[in-house]
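To start, the structure itself, in C-alpha coordinates.
The values are calculated or read from the model by the stated rules, or taken from the named source; none is laboratory data. Just so it is clear, the structure is predicted and the values come from calculations on it, not from any experiment. Please note: Cβ atoms are built from the backbone with ideal geometry, for glycine as well, and neighbour counts cover all protein chains shown.
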Amino acid sequence: MDVSDAVRQRHSVRAFKSDPVTADLLGEILQLAARSPSGGNLQPWHIYALSGEPLGDFKKTIRARFDAGQVEAPEYSVYPPGLWEPLRARRSKAASQRYAVFDALPGMDMQSSLKLRNYSFFDAPVGLFFCFDRRVGPPQWADLGMYMQTLMLLAVERGLGTCPQEIWANWPQTIATFLQVPSTHMVFAGMSLGYADESAQINSFRTEREPLENFVQMIGF
(Lines give C-alpha, C1' and ligand atoms only; values in the text may rest on other atoms or scores of the structure.)
Protein backbone atom coordinates (compact mmCIF):
# COMPACT_ATOMS: atom_id res chain seq x y z
CA MET A 1 0.00 0.00 0.00
CA ASP A 2 1.31 3.45 -0.88
CA VAL A 3 0.62 6.69 1.00
CA SER A 4 -2.07 7.82 -1.44
CA ASP A 5 -4.01 4.60 -0.89
CA ALA A 6 -3.77 4.97 2.89
CA VAL A 7 -5.02 8.57 2.70
CA ARG A 8 -8.00 7.54 0.56
CA GLN A 9 -8.89 4.57 2.75
CA ARG A 10 -8.60 6.27 6.13
CA HIS A 11 -11.92 7.19 7.68
CA SER A 12 -13.37 7.44 11.15
CA VAL A 13 -14.36 3.94 12.20
CA ARG A 14 -17.25 3.79 14.66
CA ALA A 15 -17.71 0.03 15.03
CA PHE A 16 -14.91 -2.43 15.72
CA LYS A 17 -14.42 -6.17 15.94
CA SER A 18 -13.33 -7.66 19.25
CA ASP A 19 -10.09 -9.00 17.72
CA PRO A 20 -7.17 -7.89 19.93
CA VAL A 21 -4.30 -5.70 18.76
CA THR A 22 -0.96 -7.00 20.00
CA ALA A 23 1.38 -4.85 22.05
CA ASP A 24 4.11 -5.41 19.46
CA LEU A 25 1.96 -4.14 16.58
CA LEU A 26 0.71 -1.14 18.53
CA GLY A 27 4.20 -0.28 19.76
CA GLU A 28 5.56 -0.52 16.23
CA ILE A 29 3.16 2.04 14.77
CA LEU A 30 3.36 4.34 17.82
CA GLN A 31 7.14 4.40 17.47
CA LEU A 32 7.13 4.89 13.70
CA ALA A 33 4.59 7.70 13.99
CA ALA A 34 7.19 9.58 16.04
CA ARG A 35 8.89 10.31 12.70
CA SER A 36 6.18 12.97 12.32
CA PRO A 37 7.56 16.51 12.04
CA SER A 38 7.61 18.82 15.03
CA GLY A 39 9.03 22.32 15.22
CA GLY A 40 12.54 22.23 16.66
CA ASN A 41 12.10 18.45 17.00
CA LEU A 42 10.32 19.06 20.31
CA GLN A 43 8.20 15.91 19.94
CA PRO A 44 5.71 17.32 22.45
CA TRP A 45 3.38 14.32 22.54
CA HIS A 46 2.64 12.10 25.55
CA ILE A 47 0.51 9.04 24.80
CA TYR A 48 -1.37 6.57 26.99
CA ALA A 49 -2.65 3.28 25.55
CA LEU A 50 -5.33 1.18 27.23
CA SER A 51 -6.50 -2.33 26.42
CA GLY A 52 -7.91 -5.39 28.15
CA GLU A 53 -9.04 -5.11 31.75
CA PRO A 54 -7.74 -1.56 32.33
CA LEU A 55 -9.71 -0.34 29.31
CA GLY A 56 -12.80 -2.12 30.60
CA ASP A 57 -12.41 -0.55 34.04
CA PHE A 58 -11.99 2.89 32.53
CA LYS A 59 -15.12 2.53 30.40
CA LYS A 60 -17.11 1.43 33.46
CA THR A 61 -15.94 4.55 35.30
CA ILE A 62 -17.00 6.83 32.46
CA ARG A 63 -20.34 5.04 32.03
CA ALA A 64 -21.18 5.43 35.72
CA ARG A 65 -20.44 9.14 35.62
CA PHE A 66 -22.32 9.59 32.35
CA ASP A 67 -25.39 7.80 33.73
CA ALA A 68 -25.21 9.95 36.87
CA GLY A 69 -25.31 13.09 34.71
CA GLN A 70 -21.90 14.25 35.85
CA VAL A 71 -19.93 16.70 33.74
CA GLU A 72 -16.45 18.23 33.90
CA ALA A 73 -15.00 21.48 32.65
CA PRO A 74 -13.61 20.64 29.20
CA GLU A 75 -9.99 21.29 28.35
CA TYR A 76 -11.06 23.46 25.38
CA SER A 77 -13.97 24.08 23.01
CA VAL A 78 -13.82 21.63 20.12
CA TYR A 79 -15.67 24.03 17.81
CA PRO A 80 -15.55 27.85 17.80
CA PRO A 81 -18.70 29.58 19.06
CA GLY A 82 -21.19 30.77 16.48
CA LEU A 83 -19.89 28.43 13.79
CA TRP A 84 -20.13 30.21 10.43
CA GLU A 85 -20.63 29.14 6.85
CA PRO A 86 -19.46 27.08 5.11
CA LEU A 87 -18.06 25.33 8.22
CA ARG A 88 -21.49 25.05 9.81
CA ALA A 89 -23.00 23.39 6.75
CA ARG A 90 -20.13 20.92 6.47
CA ARG A 91 -20.50 19.90 10.10
CA SER A 92 -24.30 19.59 9.80
CA LYS A 93 -24.06 17.42 6.69
CA ALA A 94 -21.53 15.07 8.30
CA ALA A 95 -23.77 14.75 11.37
CA SER A 96 -26.80 13.99 9.19
CA GLN A 97 -24.86 11.24 7.42
CA ARG A 98 -23.91 9.66 10.75
CA TYR A 99 -27.44 9.78 12.14
CA ALA A 100 -28.89 8.29 8.95
CA VAL A 101 -27.01 5.02 9.50
CA PHE A 102 -26.75 5.06 13.30
CA ASP A 103 -28.90 2.93 15.58
CA ALA A 104 -29.58 4.79 18.81
CA LEU A 105 -29.32 2.84 22.03
CA PRO A 106 -32.69 1.96 23.65
CA GLY A 107 -34.16 4.85 25.61
CA MET A 108 -31.68 7.41 24.30
CA ASP A 109 -31.80 10.14 21.70
CA MET A 110 -29.27 10.11 18.87
CA GLN A 111 -26.91 12.65 20.44
CA SER A 112 -26.74 10.97 23.85
CA SER A 113 -26.40 7.55 22.27
CA LEU A 114 -23.54 8.66 20.02
CA LYS A 115 -21.78 10.25 22.99
CA LEU A 116 -22.03 7.01 24.93
CA ARG A 117 -20.67 5.05 21.95
CA ASN A 118 -17.77 7.52 21.85
CA TYR A 119 -17.16 6.94 25.54
CA SER A 120 -16.97 3.19 24.93
CA PHE A 121 -14.36 3.75 22.19
CA PHE A 122 -16.92 2.21 19.82
CA ASP A 123 -15.97 -1.18 21.31
CA ALA A 124 -12.43 -0.93 19.94
CA PRO A 125 -9.88 -3.14 21.72
CA VAL A 126 -7.49 -0.20 22.15
CA GLY A 127 -8.16 3.28 23.53
CA LEU A 128 -5.48 5.94 23.13
CA PHE A 129 -5.10 9.31 24.84
CA PHE A 130 -2.91 12.12 23.52
CA CYS A 131 -1.58 14.75 25.91
CA PHE A 132 0.98 17.53 25.99
CA ASP A 133 2.52 19.93 28.48
CA ARG A 134 0.22 22.87 29.21
CA ARG A 135 3.08 25.30 28.61
CA VAL A 136 3.26 24.57 24.88
CA GLY A 137 1.44 26.70 22.32
CA PRO A 138 -0.56 26.33 19.09
CA PRO A 139 2.48 25.16 17.06
CA GLN A 140 2.85 22.14 19.34
CA TRP A 141 -0.90 21.43 19.14
CA ALA A 142 -0.35 21.20 15.38
CA ASP A 143 2.64 18.91 15.94
CA LEU A 144 0.46 16.51 17.93
CA GLY A 145 -2.16 16.62 15.19
CA MET A 146 0.47 15.58 12.66
CA TYR A 147 1.52 12.72 14.92
CA MET A 148 -2.08 11.52 15.13
CA GLN A 149 -2.53 11.70 11.36
CA THR A 150 0.68 9.74 10.77
CA LEU A 151 -0.47 7.14 13.28
CA MET A 152 -3.83 6.78 11.54
CA LEU A 153 -2.22 6.26 8.13
CA LEU A 154 0.16 3.66 9.55
CA ALA A 155 -2.83 1.90 11.09
CA VAL A 156 -4.54 1.74 7.68
CA GLU A 157 -1.40 0.24 6.17
CA ARG A 158 -1.56 -2.56 8.74
CA GLY A 159 -5.24 -3.29 8.26
CA LEU A 160 -6.40 -1.37 11.33
CA GLY A 161 -9.08 1.28 11.72
CA THR A 162 -9.11 4.37 13.90
CA CYS A 163 -11.40 7.15 15.06
CA PRO A 164 -9.85 10.35 16.46
CA GLN A 165 -11.97 11.65 19.34
CA GLU A 166 -11.67 15.21 20.61
CA ILE A 167 -14.74 14.48 22.73
CA TRP A 168 -12.41 13.04 25.38
CA ALA A 169 -11.34 16.60 26.20
CA ASN A 170 -14.67 16.71 28.09
CA TRP A 171 -13.38 14.31 30.79
CA PRO A 172 -9.92 15.63 31.72
CA GLN A 173 -10.22 15.06 35.48
CA THR A 174 -11.45 11.48 35.19
CA ILE A 175 -8.79 10.63 32.61
CA ALA A 176 -6.04 12.30 34.62
CA THR A 177 -7.02 10.46 37.80
CA PHE A 178 -7.33 7.06 36.13
CA LEU A 179 -4.08 7.33 34.15
CA GLN A 180 -2.20 9.45 36.71
CA VAL A 181 -1.63 12.17 34.13
CA PRO A 182 0.33 15.05 35.72
CA SER A 183 -1.68 18.22 36.33
CA THR A 184 0.88 20.01 34.15
CA HIS A 185 -0.36 18.04 31.12
CA MET A 186 -3.47 18.65 29.02
CA VAL A 187 -5.67 15.89 27.65
CA PHE A 188 -5.95 16.86 23.98
CA ALA A 189 -7.83 13.95 22.40
CA GLY A 190 -8.43 10.24 22.37
CA MET A 191 -8.53 7.64 19.62
CA SER A 192 -10.23 4.31 19.08
CA LEU A 193 -8.03 1.73 17.37
CA GLY A 194 -8.67 -1.82 16.23
CA TYR A 195 -10.03 -3.86 13.35
CA ALA A 196 -13.05 -2.28 11.69
CA ASP A 197 -16.34 -4.11 11.59
CA GLU A 198 -17.08 -3.56 7.91
CA SER A 199 -20.55 -5.10 8.27
CA ALA A 200 -21.69 -2.27 10.57
CA GLN A 201 -23.89 0.35 8.90
CA ILE A 202 -22.15 3.18 10.74
CA ASN A 203 -18.97 2.35 8.83
CA SER A 204 -20.69 2.47 5.44
CA PHE A 205 -20.65 6.20 4.71
CA ARG A 206 -17.82 8.57 3.82
CA THR A 207 -17.85 12.31 4.40
CA GLU A 208 -17.23 14.50 1.37
CA ARG A 209 -14.25 16.74 0.73
CA GLU A 210 -14.37 20.14 -0.94
CA PRO A 211 -13.01 20.46 -4.49
CA LEU A 212 -9.58 22.01 -4.88
CA GLU A 213 -10.85 25.36 -6.16
CA ASN A 214 -12.80 25.92 -2.93
CA PHE A 215 -9.75 26.03 -0.69
CA VAL A 216 -6.59 26.51 -2.80
CA GLN A 217 -5.26 29.61 -4.56
CA MET A 218 -2.47 28.69 -6.95
CA ILE A 219 -0.35 31.74 -7.74
CA GLY A 220 2.35 31.87 -10.37
CA PHE A 221 1.54 28.49 -11.93
Here, helices (runs of 4 or more DSSP H) confined to the stretch 107-217 with at least 3 residues that are surrounded by fewer than 21 Cβ atoms within 10 Å (Cβ to Cβ) and of a type in the set (Lys, Arg) are none
Before we move on, is Ala89 over 30 Å from Leu26 (Cβ atoms), in contact (Cβ under 8 Å) with a residue 40 or more places away in the chain and surrounded by fewer than 16 Cβ atoms within 10 Å (Cβ to Cβ)? no
All-but-one check, Gly27 against (1) in a loop (DSSP other than H, G, I, E, B); (2) free of Cβ contacts under 8 Å to residues at least 24 places away in the same chain, failing number (1)
If we keep only residues of the stretch 1-17 that are of a type in the set (Gly, Ala, Ser) and in a helix (DSSP H, G or I), then the residue farthest from Tyr119 (Cα to Cα) is Ser4
So, first residue closer than 11 Å to Ser12 by Cα in the stretch 160-177, second residue assigned to a strand (DSSP E or B) and among the aromatic types (Phe, Trp, Tyr), Cβ within less than 9 Å, six or more apart or across chains; the pairs are Gly161/Phe16; Cys163/Phe16; Pro164/Phe130
Reported set for the stretch 56-78 where residues are within 16 Å of the chain's Cα centre (by Cα) and hydrophobic (A, V, I, L, M, F, W, C) is Val78
Quick count over the stretch 67-97, residues being in contact with a helix residue (DSSP H, G or I) (Cβ under 7 Å, 6 or more places away or on another chain) and of a type in the set (A, V, I, L, M), is 2
Within the stretch 40-80, residues assigned to a helix (DSSP H, G or I), at pLDDT 95 or above and either within 17 Å of Thr184 (Cα to Cα) or touching a Leu at 6+ places or on another chain (Cβ under 7 Å) (or both) come out as Phe58
Expected single match for hydrophobic (A, V, I, L, M, F, W, C), farther than 18 Å from Asn170 by Cα, touching a residue at least 40 places away in the same chain (Cβ under 8 Å) and surrounded by 11 or more Cβ atoms within 10 Å (Cβ to Cβ) among Val78, Val101 is Val101
